[in-house]
Amino acid sequence: MEALKGITILDFTHVQSGPTCTQLLAWFGANVIKIERPGGGDITRSQLRDKDGVDSLYFTMLNHNKKSVTLNVKDDKGKKILDDLILKCDVFVENFAPGTLDRMGYSWEYMHKLNPRIILASVKGFGPGPYEDCKVYENIAQCAGGSASTTGFLDGPPLVTGAQIGDSGTGLHLALGIVTALFHRERSGLGQKVDVAMQDGVVNLCRVKLRDYQRLSSGPLSEYSQFGQGIPFTDTTPRAGNDSGGGQPGWILKCKGWEDDPDSYVYFITQAPVWDKICNVIGKEDWIGDPEYSTPKARLDKLSHIFETIEKWTMTKTKFEVVSICDPLGIPCGPILSMKEIAHDESLRRTGTVVEVDHPERGKYITVGCPIKLSNSEADVQRSPLLGEHNEEILKDFLNYSDEELDEINNTDAMK
Ligand code: COA
């Protein structure tokens, strides 16, 4: 039984942040109707195309399990259709630029009056304040949310990360807000407005960095490598390179073959309870009883030297050999996996986190399936819809329009 069966989502999202949210809800079993502008639809259909005239991977990988309806909401008939959809749907999700929805005539007040049970869920770049009117894309959110200033190396510029914490991260936050509002509606009978700002989503994910900013007022951050290197701290959280960010020091170390393979590295954590095992495995038994090395506190100002020493050992093994030796000993470490390795990883295939999908126009491609596993509601990844593929189905079967009404719509610009 699909967990969200019976819930219909009106999906007015585009690009990445909103579509990741509604794709998740579709995987949980919601009926997701993606509304797209007639003509080109979601701009990502035609962005970063790898095959001429075919929906891009950008689009297909963010819009599985949805239906597509083209609707011009600036047309009177289009507005009437949208009103009818709002009356029958449970959630309206959008990530238009600030003010766009109001300009379309679909303010929260209007929607709530039309259907008091509707939930309106919105992604914007910023919450109320000086930047509330700004358009925002992924990297702007990463920068304004504190991630970029704390990512990278101490002697380099701020860095953005490949994980789409601004877009997909905000989509996740929004999905949680929506299911919470749905749960609340079960008891109150009323919908509510759910807002997530991309900046807020990133700030939430950078919580530990705000923690470190406050700890600085009590002294240097001794678990950062810069402490051991004698580099003074400023009054804000520095870039920490590959430091672990938690109480157990870690770093990225070279492995056998690193000269030719840019991903031949392992993340290695010197977790305190297994320190003796680490010393044994790397052949530094003398560190075990040495008070200069035997306690986590004593090791803090020598982390760079310790990781250099461990690296001499990891460089004699492949990243997978390092993991297969350390894992049974309880030493936390993980390989740096390339996208090629992830695409072909058998265990990710088995769990459905990486799946192959067939598309009528582009053929087979690989995508990321649902990363959240429900024991009683398995996500079956279905291809993304073609533009306007479900126009007739939604008008006839969902809105129950008569043939005359369909003819009338076909004579207008509402859906074309
Ligand atoms: N029918 C008629 N008009 C439609 C339509 C439809 N079905 N769908 C969209 N439009 C129109 C809008 O009304 C708007 O017109 P207007 O400016 O005349 O009011 C226009 O299309 C553009 O929409 P908008 O959302 O403003 O897109 P944009 O290309 O100007 O900006 C973003 C793109 C992503 C920067 C912006 O949407 C944004 O900041 N979104 C919020 C933050 C976000 O999610 N960013 C991450 C994206 S991954």
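The values are calculated or read from the model by the stated rules, or taken from the named source; none is laboratory data. Worth saying up front: this structure is predicted, and the values here are computed from it rather than measured. Heads up, the Cβs are rebuilt from the backbone with ideal geometry, glycines too, and the neighbour counts pull from every protein chain shown. Note: accessible area is taken over every heavy atom of the protein model, side chains too, but ligands, DNA and RNA are not part of it. Shrake-Rupley method; radii C 1.70, N 1.55, O 1.52, S 1.80 Å.
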Inset, instruction - Write out, first by first residue and then by second, each pair whose Cβ atoms fall under 7 Å of each other, whose residues are 6+ apart or on separate chains, and whose first residue, in the range 180-208, is of a type in the set (Lys, Arg) while the second is buried (at least 20 other Cβ atoms within 10 Å of the Cβ) and not in a helix (DSSP H, G or I). - result: Arg185/Ile119; Arg185/Gly191; Lys193/Leu120
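Just one of Glu378, Glu393 is open to solvent by 80 Å² or more (accessible area, probe 1.4 Å) and under 26 Å from Leu57 (Cα atoms); which is it?
Glu378
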Legend entry - the range 268-292: number of residues that are closer than 20 Å to Gly247 by Cα and buried (at least 18 other Cβ atoms within 10 Å of the Cβ): 8
Legend entry - Among (1) within 12 Å of the ligand (Cβ to nearest atom); (2) surrounded by fewer than 16 Cβ atoms within 10 Å (Cβ to Cβ); (3) among the hydroxyl-bearing types (Ser, Thr, Tyr), the one test that Thr70 misses: (2)
Legend entry - Odd one out for Ile409, checked against (1) open to solvent by less than 70 Å² (accessible area, probe 1.4 Å); (2) in contact with a strand residue (DSSP E or B) (Cβ under 9 Å, 6 or more places away or on another chain); (3) outside any loop (DSSP other than H, G, I, E, B): (2)
Inset, instruction - Could you figure out which of (1) open to solvent by 30 Å² or more (accessible area, probe 1.4 Å); (2) within 30 Å of Glu378 (Cα to Cα); (3) part of a helix (DSSP H, G or I); (4) away from the ligand (no atom under 11 Å from the Cβ) isn't true of Arg45? - result: (1)
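Pick from Ile342, Ile325: which is under 30 Å from Asp276 (Cα atoms) and either out of contact with any Asp or Glu (no Cβ under 9 Å at 6 or more places or on another chain) or without any contact (Cβ under 8 Å) to a residue 40 or more places away in the chain (or both)?
Numbers: Ile342 fails: under 30 Å from Asp276 (Cα atoms).
Step by step, each of Ile342, Ile325 is checked, and only Ile325 is under 30 Å from Asp276 (Cα atoms) and either out of contact with any Asp or Glu (no Cβ under 9 Å at 6 or more places or on another chain) or without any contact (Cβ under 8 Å) to a residue 40 or more places away in the chain (or both).
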Inset, instruction - Might you check whether a residue that is within 30 Å of Thr236 (Cα to Cα) and either open to solvent by 30 Å² or more (accessible area, probe 1.4 Å) or within 9 Å of the ligand (Cβ to nearest atom) (or both) occurs anywhere in the range 105-123? - result: yes
Legend entry - Pro38 within 23 Å of Ser168 (Cα to Cα), within 9 Å of the ligand (Cβ to nearest atom) and surrounded by fewer than 20 Cβ atoms within 10 Å (Cβ to Cβ): no
